[in-house]
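J.: The following block contains the structure, expressed as structure tokens.
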Amino acid sequence: MTHLTGKTVAFLMTDGFEDSEFTEPWKAVTDHGAEALLVSPTTGELEGKNGYRQQVDRPVADVVPDQFDALVLPGGVVNADHLRMDEDSIAFVRASSTSTNRWA
């Protein structure tokens, strides 16, 4: 299925994300034709709570919500705690909430 072809989805997270709450939505959107990008306040590779690793595509400070059609915030206590304390992540989420993006 390709009903998301031409769409771009931002996944905002940092270390400590809940692995399945990242991997399953990522697979779903890419299987349906969307481009998924991992944005984060950190660079390099992130590690999930259970050891899954994923390379950061872009720093959150370098992106704007209008570049994306949807925003996904994967779960995980550590992930959420770190994002709540990061000014660039907060600004990105706030700006996303006033745009036409869809949230998950």
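J.: Out of 57, 31, 66, report the one residue that is out of contact with any helix residue (DSSP H, G or I) (no Cβ under 7 Å at 6 or more places or on another chain), among the acidic types (Asp, Glu) and at pLDDT below 95.
T.: Residue meeting the stated conditions: 66.
J.: Which members of the range 57-84 meet the condition of being under 15 Å from residue 96 (Cα atoms) and in contact with a Lys or Arg (Cβ under 7 Å, 6 or more places away or on another chain)?
T.: 69, 70
J.: Got a number for residues in the range 64-102 being touching a Phe, Trp or Tyr at 6+ places or on another chain (Cβ under 7 Å) and not small (Gly, Ala, Ser)?
T.: Here the count works out to 6.
Each row is one residue, and each column tells you yes or no for (1) among the small types (Gly, Ala, Ser); (2) under 22 Å from residue 69 (Cβ atoms).
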| site | (1), (2) |
| --- | --- |
| 5 | no, yes |
| 10 | yes, yes |
| 20 | yes, no |
| 29 | no, yes |
| 33 | yes, yes |
| 38 | no, yes |
| 54 | no, yes |
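The values are calculated or read from the model by the stated rules, or taken from the named source; none is laboratory data. A quick note: this is a predicted structure, and the numbers were derived from the prediction, not measured. Because the Cβ atoms are built from the backbone with ideal geometry, glycine has one as well, and the counts that use them run over all protein chains shown.
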